[in-house]
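S.K.: Before anything else, here's the structure in question.
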Amino acid sequence: MTNPHPTFDVAIVGAGICGLAHALAAARRGKRVVVIDRDAQANGASVRNFGFVTVTGQQRGDGWRRARRSRQIWAEIAPAAKIPVLQRGLLMVARRPEARAVLEEFRRDEMGAECKLVEPGEIDSYGQGLRTGEFAAALYSPHELRVESREAIPRLAAYLSERFGVTFLRETVVRSAAPPRLETSRGIVEAEAVIVCPGDDFHTLHPDRIAAYGLTRCKLHMLRLAPDSFDERLPPVMSDLGMIRYLGYSELPAAEALRKRLQAEQGEHIANGVHLIVVRSADNSLVVGDSHHYAATPDPFAPTQIDDLILDEYARVFAGPLPRVVERWTGTYASARDRLMLVDKPSDALHIVLITSGTGASTSFAIAEEVLADLFGPL
Ligand SMILES: Cc1cc2nc3c(=O)[nH]c(=O)nc-3n(C[C@H](O)[C@H](O)[C@H](O)COP(=O)(O)OP(=O)(O)OC[C@H]3O[C@@H](n4cnc5c(N)ncnc54)[C@H](O)[C@@H]3O)c2cc1C
């Protein structure tokens, strides 16, 4: 017989950023929360990413709105959770006139209202070390935050536990989730509401519901470059290839001419989904990426040829000798052709939340507030 008094108000499956964001939103409402994850510590996309909370470049509409709200929440909780914000802002450099045209169009748009178009002669004032003499312009965005995910995610979990009394059940697989009952590898857990945030595991819980969205998985290559004389003033840096991947730019009319030119000049980069993001860590090493390859089960191999394409773009943007590669890894995330995220509701008390684009660090907090409002009403 079902216990009429569930132990928890909310049970969350998955302790990645999506699950933790839902735990925060529920805990802030005073709910008794349990987070259940099969791994001993976070090991999925949420600790493999850049920790780059990106606003500028997110898709117009819900994506951009959610990123703005999530960035606000990151800024609120980072000091309380002792999560250092290592960099702020974004410098999007345009290596070509066609890329400058995209930035000019973006700057005129409401999404670019608080950004600044930077002329080549002024770029060095944001930090030295770039091939500024070869750029057509840059866009500076003040919105972004960069955290070190492999430290930030455990600290966020610790904060939820210490500040709000959130319970964590780790090394525990959830085999079925039908509120008020979850069957786990360690026994039954009861909760009034259940939120499943399974990352890119489409097959363990409610596989039929998830299958209806036609999802696939995306594999990304990432590199860490040895600590170097990187100018600490520089914000995260991106370049032309990012303007045809990030929908906030790529859906602008000016992006078409850039796409054509990049296809002709950097076809191999495009074929491998390569673009450039460079962020700095506390020890002045750089996290550099990435590439995009899609498959139901991405292979586990990481050919150097893909890393070389990423480093090739790095060398076109940064002056000086290439720092040594000291770490390489891959990550995967859920991907959909037609949506950035999805919330599926098999019942009123059960929500399945998947971030189906590479935007979970940037949007999860806002998504979680929306899901909690749907479950328990507006605040
Ligand atoms: C290399 C890389 C770079 C990225 N860069 C950025 C970036 O700069 N900015 C940005 O915003 N986003 C970025 N992303 C995307 C972002 O990291 C993801 O969107 C986000 O981490 C997804 O979070 P999640 O919690 O849904 O998934 P995950 O972090 O994968 O967590 C899912 C968790 O669910 C658990 N789980 C699943 N099923 C069960 C079950 N049945 N029982 C128990 N546990 C279960 C898993 O063990 C896992 O811990 C990047 C992603 C990658 C891979």
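S.K.: Roughly speaking, what is the centre-to-centre gap between segment 232-276 and segment 186-229 when only Cα atoms are used, to the nearest Å?
M.R.: 27
S.K.: Now a separate question. Can you give me the accessible area per residue for the chain, using a 1.4 Å probe, in Å²? Intermediate results must be reported in sequence, preceding the final value.
M.R.: Working: 15710 Å² over 379 residues.
Using a 1.4 Å probe on heavy atoms only, each residue of the chain averages 41 Å².
S.K.: Here's a follow-up. Tell me, what is the percent relative contact order of segment 215-349, built from C-alpha pairs under 8 Å that lie six or more residues apart? Walk me through the numbers before you get to the answer.
M.R.: Numbers: 201 pairs, mean separation 58.8, N = 135.
Computed value for segment 215-349: 44 percent relative contact order.
S.K.: Still on this model: From Cα pairs below 8 angstrom and at least 6 apart in sequence, can you work out the relative contact order of the chain, rounded to a whole percent? Please list the in-between numbers first.
M.R.: Working: 818 pairs, mean separation 97.6, N = 379.
Once divided by the residue count of the chain, the mean separation gives 26 percent.
S.K.: I want to verify a result. In a Gaussian network model of the chain, Cα cutoff 10 Å, which of these has the top mean-square fluctuation: K31, K219, K260?
M.R.: Maximum among the listed residues: K260.
S.K.: A further question follows. Using a Gaussian network for the chain with springs between C-alpha atoms less than 10 Å apart, which of these wobbles most: D290, D201, D338?
M.R.: Checking each option, the largest mean-square fluctuation is seen for D338.
S.K.: Can you work out D for segment 93-162 in µm² s⁻¹ from Stokes-Einstein, where Rh is the Kirkwood radius over C-alpha pairs, the temperature is 10 °C and the viscosity is 1.306 mPa s?
M.R.: Working: Rh = 14.2 Å.
Value of D from the Cα-based Kirkwood radius: 112 µm²/s.
S.K.: Take S281, S161 and sort them by solvent-accessible surface of the protein heavy atoms, 1.4 Å probe, largest at the top. If you can, show how the numbers build up before the last one.
M.R.: Working: S281 5, S161 50 Å².
Ranked from most to least accessible, the order is S161, S281.
S.K.: Right, another one. For R217, what is the net charge nearby, where nearby means another residue's Cβ is under 14 Å from its Cβ and Lys, Arg count +1, Asp, Glu -1? Don't skip to the end; give the middle numbers.
M.R.: Working: positive: R48, K219, R337; negative: D200, D201, D299.
Here the count lands on 0.
S.K.: Also: Tell me, what does the Kirkwood hydrodynamic radius of the chain come to in angstroms if you use every pair of distinct C-alpha atoms? Could you put the intermediate results ahead of the total?
M.R.: Working: mean 1/r = 0.0468 Å⁻¹.
By the Kirkwood definition, the hydrodynamic radius is 21.4 Å.
S.K.: Pop out the carbon and sulfur fraction of the accessible area of the chain as a percent, whole number, probe 1.4 Å. The partial results should precede the final answer.
M.R.: On the way: 7740 of 15710 Å².
Taking all protein chains in place, the chain shows 49 percent carbon and sulfur surface.
S.K.: Another question about this same structure. Segment 122-175: which GluC sites (Glu not before Pro) are DSSP loop and have at most 12 other beta-carbon atoms within 10 angstrom? The partial results should precede the final answer.
M.R.: Details: sites: E122, E134, E144, E148, E151, E162, E171; in loops: E148, E171.
Answer in residue order: E171.
S.K.: Based solely on C-alpha atoms, express the radius of gyration and the Dmax of segment 267-379 in angstrom.
M.R.: Final numbers for Rg and Dmax: 18.5, 57 Å.
S.K.: Calculate the length of the line joining the C-alpha centroid of segment 311-349 to that of segment 38-58, in whole Å.
M.R.: Taking the Cα centre of each part, segment 311-349 and segment 38-58 sit 9 Å apart.
The values are calculated or read from the model by the stated rules, or taken from the named source; none is laboratory data. Since the structure is predicted, the reported quantities are computational estimates derived from the model, not experimental observations. With ideal geometry, Cβ positions are generated from the backbone for all residues, glycine too; neighbour counts draw on all protein chains shown. Just so you know, the surface numbers come from the protein's heavy atoms only, side chains and all, with ligands and any DNA or RNA stripped out. Shrake-Rupley method; radii C 1.70, N 1.55, O 1.52, S 1.80 Å.
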